[in-house]
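Structure, as structure tokens:
The values are calculated or read from the model by the stated rules, or taken from the named source; none is laboratory data. What you see is a predicted model; the values in this text were computed from it and never measured. Please note: Cβ atoms are built from the backbone with ideal geometry, for glycine as well, and neighbour counts cover all protein chains shown.
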Amino acid sequence: MLRSVKGFICRPLKLDRGFALHTAAKDCFSSVVSQDVQIPAEKPRAIFYTSESDPARHSEQHEGHHYSIPLEEVKAVLPHGLPHRFQQQIKTFKEACIMVRKPALELFTYLKNSNFAHPVVRYVIYGERGTGKTMTLCHVVHFCARQGWLVLHIPDAHLWVKNCKELMQSSYNKERLDQPLQASFWLRNFRTTNESFLKEIKTQQKYVWSKRDSTEQGRPLGEVVEQGLTRVKNASDVVGVVLKEIKQQCCLGSFRVLVAVDGVNALWGRTTLKKEDKSPVSPEELTLVYNLRKMMMNNWNGGAVVTTLSQTGSLFKPSSAHLPHELLGKEGFDALDPFVPILVPNYTEREFESCYRYYLHCRWLQHDKARTEDGKEELRFLSGRNPWQLERLAAPL
Amino acid sequence: MERSDGVGRAQRPDRLRLQHQKWRQFNYLLKEIKTLRLIYTTTAAWRKNIAASGPEKYTEAFIKKQIEEFDLGKRHLANMMGEDPETFTQEDIDRAIAYLFPSGLFDKRARPMMKHPTEIFPEQRKIQWGEDGRPFHFLFYTGKQSYYSLMHETYEKLLNVQKHQDQLAAQGISPQKEKKNLVGSRWVTKTELEGMLLEKLSDDDYSRFIRLLEKLMTLPCSDIEENYIKKFSKEIAVQLQKVSVEPLKYDEQGVAFSTGEGVRKTSRATAVVYGSGTGKITVNGIDVLHYFPVLQDREQLLFPFQFLDRIGKHDTTCTVSGGGRSSQAGAIRLATAKALRSFVTEKEVEFMRQAGLLTVDPRVRERKKPGQEGARRKFTWKKR
């Protein structure tokens, strides 16, 4: 605790890494003025906050602490991955603070020590509802982005298997169905996250989109993506092409790829979509799902596949199901087997304490009783130390 | 049924005779029951003050005859059932009647019964005049003979006491009066007095009588007439029932625990609260967050612990069945509050009681009535 306080006070003079946390900056300057007075006031914050903004350097000592991501980085790295309520929180607090938790640290050690010559290892993050699986995934995405990996982040695979207004027959393969809207949406976000890579990766074969459009071999991938965004009809095929290219080229070892899929159980479940003759659509018949499934197989190397199971958006699954076997079904389990399961539990006492202090610090808990010990006990009991419950409880207070 | 043929009668075998005897007894009993059903209902069933409800209906001789018949019938019934007539109690009679005349009627009061005539015939005043029409009591023509005779009697006692007092004063002994504790007793109510006197009273009469009694009580030497006064005073039952708090039990590991039961609407819950713990609650083997996803139910469970400031200190295991989610939550709340009594001082138990944590919620679903759509809602009223 003391170490981080000292580091905190010494840092402001360096002003490095675009540390744009405005409250921290204010504290910095005031601490320069009167160090003696500020030290006891900073201590409470140091209990739940760490200034280490590079996930690569997070370790057990930072466990339970919040770290903040600069807002520009959030827009660049995680445009579409964060949960909706967290995005609202970012807007309210004007800062994005994620808690460093054990499952994420575990994943970091695995990723750091993984041998990229071997076939990709698949990690499945699972847990009860609202325990922080998506947040862990976003933490990992941030880590890999900082490390310079290419990130293929699918925010919610469930969106691809339900509520699709436009289903077109695929031009490439008559049996499959296209989803132009979802594909173009994803391509846009993909472009935002991986600007630098789009120029470097070159296509390895010619792709003919239609009579007039085609992409030559050796063109940067960015062009393919542009093609997909302008010609929305071909967006799903573009996605397939992008995935194929990335898979082929990352085996060569020039860059690392992280495939981060949230709600991976959607790929092997059922869909609520129907064809024109009212017959149900199975996931294989969707181009996007088909291509993504190919990505999930472990026949390539040079990266990692981190996925999350999600019951909340899942279709036709009971609300009590949260284990991989239940949510993936036999097909999905066999497809993903072998994988490394990572359980995300509810908050520990320390983490709960940290989260509570954070809310207090941001002046989110306005109720008088919420600031007392009794209030804290009450929150702890009523939320059962579940992050989602706690967040919903704290919102109206 | 009896044949007057003398020849056939002598030849009838014993077995048949016994059967015939039994049949006669049975018939007799049937007649009794029939007549019972026609006229008789118990005083309790009437539920109003029949003592003064009108002119007397039954003579004393009539009542006596009924009692004789009842006793005879009782012996016959005992014989029929194969039991000893001497030790045949009223409960045995009830059981026998229920066996011989099974009835599916819902109202217990409508079923066949055989009770002592004093219970069946309302205790009314027997006819107060003789065969010549002359009344027995000298105060008959006042209209309220028992009341006035009672007033006279009480006044006589009062005079008695005063005379005794004067005697003691004449002897020079000052009468010592100990303060009698009147807290635990009350005077008879008007209805009870009417039942005792078997005639109607007015409020004014009643208050006069009570005032007289109180005056008698206040006199120093009223101890002599204590027996008489006792006839008109009743003990009030102790209001606050001391509910004993169970002591803590200890299980194998030495952890203190305590059980409690709770009900609410149709839910029944039992809770076991352990002395040391982290505030975890398990319901039917499922964690409380999963069993009660609604915040309101969890708040109900929180209430007893929060009230006693023991939120994170006890582990609880509950089983609950019946009812819906809200009533199950209420039942568990009551059960945990009852279990927590063992861990807590008496003062805090009193606080809990006043907060309503230990009271069973008496509200149940109200019955739907015919002619209405629901319990209270009437059908839409149409003018025409």
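Considering the stretch A:99-210, the qualifying helices (runs of 4 or more DSSP H), each wholly inside and each with 1 or more residues that are farther than 28 Å from A:Pro324 by Cβ and touching a Leu at 6+ places or on another chain (Cβ under 9 Å), run over A:180-193, A:195-200.
Residue count for the stretch A:291-324 satisfying the condition of being over 22 Å from B:Ile286 (Cα atoms) and either part of a strand (DSSP E or B) or β-branched (Val, Ile, Thr) (or both): 7. Residues that are of a type in the set (Ser, Thr, Tyr) and either part of a strand (DSSP E or B) or buried (at least 18 other Cβ atoms within 10 Å of the Cβ) (or both) within the stretch A:233-268 comprise just one, A:Ser236.
Report yes if some residue within the stretch B:334-348 is loosely packed, with under 14 Cβ neighbours inside 10 Å, in the same structural domain as B:Gly277 (by the TED database) and not in a loop (DSSP other than H, G, I, E, B); otherwise report no. There is at least one residue in the stretch B:334-348 that is loosely packed, with under 14 Cβ neighbours inside 10 Å, in the same structural domain as B:Gly277 (by the TED database) and not in a loop (DSSP other than H, G, I, E, B).
Results for (1) in contact with a Leu (Cβ under 6 Å, 6 or more places away or on another chain); (2) of a type in the set (Lys, Arg); (3) not in a helix (DSSP H, G or I), shown as yes or no for each residue.
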{"site": "B:Ser103", "(1), (2), (3)": "no, no, yes"}
{"site": "B:Pro112", "(1), (2), (3)": "no, no, yes"}
{"site": "B:Lys115", "(1), (2), (3)": "no, yes, yes"}
{"site": "B:Glu119", "(1), (2), (3)": "no, no, no"}
{"site": "B:Pro122", "(1), (2), (3)": "no, no, yes"}
{"site": "B:Tyr141", "(1), (2), (3)": "no, no, no"}
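Restricting the stretch B:332-365 to residues that are among the acidic types (Asp, Glu) and more than 23 Å from B:Val320 (Cα to Cα) leaves a set whose member that is modelled with the lowest pLDDT is B:Glu346. Determine whether the stretch B:255-274 contains at least one residue that is part of a loop (DSSP other than H, G, I, E, B), modelled with pLDDT of 80 or more, outside the structural domain of B:Lys157 (by the TED database) and farther than 22 Å from B:His314 by Cα. Taking every residue of the stretch B:255-274 in turn, at least one turns out to be part of a loop (DSSP other than H, G, I, E, B), modelled with pLDDT of 80 or more, outside the structural domain of B:Lys157 (by the TED database) and farther than 22 Å from B:His314 by Cα. Of all residues in the stretch B:281-298, those that are part of a helix (DSSP H, G or I) and among the hydroxyl-bearing types (Ser, Thr, Tyr) total 1. Within the stretch B:298-318, the set of residues being of a type in the set (Phe, Trp, Tyr) and at the interface with chain A (Cβ under 9 Å from one of its Cβ atoms) comprises just one member, B:Phe305. Restricting attention to the stretch A:336-349, the residues being in contact with a strand residue (DSSP E or B) (Cβ under 7 Å, 6 or more places away or on another chain) and in a loop (DSSP other than H, G, I, E, B) number 2.
May I ask you to verify whether B:Leu295 is under 12 Å from A:Phe381 (Cα atoms), within 14 Å of another protein chain (Cβ to nearest Cβ) and crowded, with 19+ Cβ neighbours inside 10 Å? Taking the combined requirement at face value, the residue does not satisfy it. Of all residue pairs spaced 6 or more apart or on separate chains, those with beta-carbon atoms under 6 Å, a first member in the stretch A:59-81 that is among the hydrophobic types (A, V, I, L, M, F, W, C) and a second member that is outside any strand (DSSP E or B) and surrounded by 15 or more Cβ atoms within 10 Å (Cβ to Cβ) are A:Val77/A:His142; A:Val77/A:Ala145; A:Leu78/A:Cys138. Residues considered: A:Phe333, A:Phe352, A:Phe381. Of these, the only one that is assigned to a helix (DSSP H, G or I), within 14 Å of another protein chain (Cβ to nearest Cβ), under 23 Å from the mean Cα position of the chain (by Cα) and surrounded by 14 or more Cβ atoms within 10 Å (Cβ to Cβ) is A:Phe352.
Using the structure shown, decide if B:Thr278 is surrounded by fewer than 17 Cβ atoms within 10 Å (Cβ to Cβ), away from chain A (no Cβ under 14 Å) and among the polar types (S, T, N, Q). Outline the logic, then answer.
On the way: surrounded by fewer than 17 Cβ atoms within 10 Å (Cβ to Cβ): yes; away from chain A (no Cβ under 14 Å): no; among the polar types (S, T, N, Q): yes.
Considered against the rule, which asks whether it is surrounded by fewer than 17 Cβ atoms within 10 Å (Cβ to Cβ), away from chain A (no Cβ under 14 Å) and among the polar types (S, T, N, Q), B:Thr278 comes out as no.
If the condition is being surrounded by fewer than 16 Cβ atoms within 10 Å (Cβ to Cβ) and at pLDDT below 90, then the stretch B:193-213 contributes B:Met196, B:Lys200. A:Leu315 meets all of the listed conditions (1) over 28 Å from B:Glu299 (Cα atoms); (2) at pLDDT 85 or above but one, namely (2). Selection of the stretch A:291-346 for residues being aromatic (Phe, Trp, Tyr) and more than 30 Å from A:Phe255 (Cα to Cα) yields only A:Phe316. Counting only residues that are closer than 21 Å to A:Phe333 by Cβ and either among the polar types (S, T, N, Q) or loosely packed, with under 14 Cβ neighbours inside 10 Å (or both), how many does the stretch A:271-283 have? Going through the stretch A:271-283 one residue at a time, the tally reaches 2.
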